[in-house]
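**Q** The structure's right below; bear with me while I get my questions together.
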Amino acid sequence: MNAPSILGTVLHRLAILCYVVFALFPLFWLLKVSVTPNDLLYSEGIRLWPSRTSFEHFSFVLTHSAFPVFFRNSMIVSGATAAIVTMLASLSGYALSRFNFRGKYWLVALMLLTQMFPLVMLVAPIFKMLSPIGLTNSLTGLVIVYTAFNIPFATFLMQSFFDGIPKELEEAAKIDGATQFMAFRQIILPLTLPGIAATLGFVFTAAWSELLFALMLISSNDSATFPVGLLSFVSKFSVDFGQMMAAGVLALIPACLFFLFIQRYLIQGLTAGAVKG
């Protein structure tokens, strides 16, 4: 390798390293503040790591706050939303990919139109719709709202995966006596596991971190989700950053474990078609 080539490689890897540090530094600071005792939080100034660490914030969050309730509610809402949206998006994405029917263009246009409105503009109408049927201050109401807003994008995401699968596979299955649904369930669906994993991950994280509707539709701690629960660490005259950061670290665990579980399917999706046999 000549000198310009070596210099280009070094600069490229240095740029990647700088980006990784920039992206991970907030998470590092989150962990750092969560293990810093209250008496050192302000007295030591800005340091990369405290002179003494403590897990007192984690202990308080887990045993003396409503965080476990918030955590449970977020798991229920995010898990239910991800499962429902992925199932519906798989069916609707397959329909858009494989069938031509009257009104298909207008249906797609309508789904795209729903993504154009700012969410804050829709809070009042949604609250007005859910209130008479008792779905405000309810986890069920949140699941319905999150499902409605995530289905369009998830459908287009799944459609793109179905478009990449040759139709000849289904035609061959039909020749062997399979019905359309059997071909979808036994042949096409297993091939789209990377797409299903990507959709699950997207919807789960979107529901897990959503604040606006959870804040506007939920009025009690018993039904509050994790993003709303973080506000309980903010009082009128102060913010308990140590406890808030500890709760944030704990809230990262489910998302990390979830993506660790679906990682192999995501890798399959990234490498699909990279090697042609």
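**Q** Anything in the stretch 187-220 that is open to solvent by 20 Å² or more (accessible area, probe 1.4 Å) and part of a loop (DSSP other than H, G, I, E, B)? List them, or say none.
**A** E210, L211, S219, S220
**Q** Taking only the stretch 1-38 into account, find how many residues are under 16 Å from M244 (Cα atoms) and not polar (S, T, N, Q).
**A** 10
**Q** Next question, about the same structure. Among the numbered conditions (1) open to solvent by less than 60 Å² (accessible area, probe 1.4 Å); (2) within 22 Å of the chain's Cα centre (by Cα), tell me where F184 comes up short.
**A** (2)
**Q** Sort out which residues of the stretch 231-246 are open to solvent by 40 Å² or more (accessible area, probe 1.4 Å) and either within 15 Å of the chain's Cα centre (by Cα) or at pLDDT below 85 (or both), and write them in order of number.
**A** Listed by number, the residues that qualify are L231, S232, V234, S235, K236, F237, S238, V239, D240, F241.
**Q** Now a separate question. Can you pull out the helices (runs of 4 or more DSSP H) entirely within the stretch 65-180 that have at least 1 residues that are touching an Asp or Glu at 6+ places or on another chain (Cβ under 6 Å)?
**A** 67-98
**Q** Which number in (1) modelled with pLDDT under 85; (2) open to solvent by 40 Å² or more (accessible area, probe 1.4 Å) marks the one condition that F149 misses?
**A** Going through the list (1) modelled with pLDDT under 85; (2) open to solvent by 40 Å² or more (accessible area, probe 1.4 Å), F149 breaks only (1).
**Q** I would also like to ask the following. Could we say that V69 is open to solvent by less than 40 Å² (accessible area, probe 1.4 Å) and among the β-branched types (V, I, T) here?
**A** no
**Q** For the stretch 136-147, give me each residue that is of a type in the set (A, V, I, L, M) and in contact (Cβ under 8 Å) with a residue 24 or more places away in the chain.
**A** If the condition is that a residue be of a type in the set (A, V, I, L, M) and in contact (Cβ under 8 Å) with a residue 24 or more places away in the chain, then L139, L142, V143, V145 are the ones that fit.
**Q** Looking only at the stretch 113-125, count every residue that is in contact with a Pro (Cβ under 7 Å, 6 or more places away or on another chain) and either among the hydrophobic types (A, V, I, L, M, F, W, C) or over 20 Å from L157 (Cα atoms) (or both) and tell me the total.
**A** Going through the stretch 113-125 one residue at a time, the tally reaches 0.
**Q** Of the conditions (1) in a helix (DSSP H, G or I); (2) surrounded by fewer than 10 Cβ atoms within 10 Å (Cβ to Cβ), G8 satisfies every one except a single condition; which number is it?
**A** Just one mismatch for G8, condition (2).
**Q** Further question on the same structure: Pairs, please: C-beta under 8 Å, at least 6 apart or cross-chain, first residue at pLDDT below 85 and in the stretch 23-41, second part of a helix (DSSP H, G or I) and not hydrophobic (A, V, I, L, M, F, W, C)?
**A** N38/E56; N38/G242; L41/G242
**Q** Exactly one of these conditions fails for T63: (1) open to solvent by 20 Å² or more (accessible area, probe 1.4 Å); (2) among the hydroxyl-bearing types (S, T, Y); (3) in contact (Cβ under 8 Å) with a residue 40 or more places away in the chain. Give me its number.
**A** The number of the failed condition is (3).
**Q** Separate question: Among the residues of the stretch 72-93, which ones are surrounded by fewer than 24 Cβ atoms within 10 Å (Cβ to Cβ) and within 26 Å of F241 (Cβ to Cβ)?
**A** If the condition is that a residue be surrounded by fewer than 24 Cβ atoms within 10 Å (Cβ to Cβ) and within 26 Å of F241 (Cβ to Cβ), then R72, N73, M75 are the ones that fit.
**Q** Give me the pairs, please: first residue somewhere in the stretch 70-95 and of a type in the set (D, E, K, R), second residue anywhere and modelled with pLDDT of 90 or more and not in a helix (DSSP H, G or I), beta-carbon distance under 9 Å, and either six or more positions apart or on two chains.
**A** Hits for this filter: zero, empty list.
**Q** Sort out which residues of the stretch 108-133 are open to solvent by less than 50 Å² (accessible area, probe 1.4 Å) and free of Cβ contacts under 8 Å to residues at least 12 places away in the same chain, and write them in order of number.
**A** Across the stretch 108-133, the qualifying residues are A109, L122.
The values are calculated or read from the model by the stated rules, or taken from the named source; none is laboratory data. Predicted model only: the values in this text are computed from it and were never measured. Ideal geometry is used to build each Cβ from the backbone, glycine not excepted, and the neighbour counts take in all protein chains shown. Side chains included, ligands, DNA and RNA excluded: accessible areas come from the protein's heavy atoms. Shrake-Rupley method; radii C 1.70, N 1.55, O 1.52, S 1.80 Å.
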